[in-house]
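No value in this document is a laboratory result; all are computed from the given coordinates. Owing to the predicted nature of the structure, the values given are computational and were not obtained by experimental measurement. Glycine also receives a Cβ, built like all others from the backbone with ideal geometry; neighbour counts cover every protein chain displayed.
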Amino acid sequence: MKLIEKYFPNLSERQREQFQIMMNAYPEWNEKINVISRKDIDNLECNHILHSLAIARFIKFTPGSKVMDLGCGGGLPGLPLAVMFPDVKFHLIDRTGKKILVAKEIAKACGLENVTFQHGDVAECKEKFDFVVSRAVMPQQDLIKLSKKNIANEQKNGLPNGLITLKGGDISAEMRGTAKGSETVDISQYFDEPFFKTKKIAYSPIYK
């Protein structure tokens, strides 16, 4: 919890408790169902939970917003963000049933009431969201095509509705041709740890 509290010192007692539960639950579940590389589970706080929370440094979602986590795996970045933004609704989608099971069980353990789940394909989802978030699932342009139909027209936030992804390395090629207003942010400007030197947030507004 040291890193989470270092960068988010104003957490409520409830949020601290939820993050601690999450920190304990992922290794336990990972023994049964592999949602995080076994070589990397010891770096859970930095490389997975804090990495997910980089989105919370990029944007403060307005209460009442709706966010889809596309290809959520075991619940990242959706579950850490759901703890950080208790007044925002998060819908987590993944094609792999075992991964959704882990995400559901960890959400339940944390007492998260602002999260829903869908086992299946995003094409089956008819809901509208202010933002879609995703963690290195596929190239930005492909994600835009998949999620465009799910982006709401009504604007509630400081940024236009769109897609926010967590990426690594040089992503300049995949960001070419994305909508005007797209941007790439180095996560190293938020967090000092060496892991974040090559990590980025990619944001693309999605206009109808």
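Numbers at a glance
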{"quantity": "Within region 167-195, considering residues that are buried (at least 16 other Cβ atoms within 10 Å of the Cβ) and among the acidic types (D, E), the one nearest to R135 (Cα to Cα)", "calculated": "E174"}
{"quantity": "Residue in region 126-139 that is nearest to K199 (Cα to Cα), counting only those that are surrounded by fewer than 23 Cβ atoms within 10 Å (Cβ to Cβ) and of a type outside the set (D, E, K, R)", "calculated": "A136"}
{"quantity": "Residues (in a helix (DSSP H, G or I) and crowded, with 16+ Cβ neighbours inside 10 Å) located in region 8-20", "calculated": "Q15, Q18, F19"}
{"quantity": "When residues of region 183-208 are limited to those that are part of a helix (DSSP H, G or I) and touching a residue at least 60 places away in the same chain (Cβ under 8 Å), the one farthest from the chain's Cα centre (by Cα)", "calculated": "F195"}
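Okay, residues lined up against (1) touching a helix residue (DSSP H, G or I) at 6+ places or on another chain (Cβ under 7 Å); (2) in contact (Cβ under 8 Å) with a residue 24 or more places away in the chain:
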| position | (1), (2) |
| --- | --- |
| I4 | yes, yes |
| P27 | yes, no |
| D40 | yes, no |
| N43 | no, yes |
| I49 | yes, yes |
| S52 | yes, yes |
| F61 | no, yes |
| V83 | yes, yes |
| D87 | no, yes |
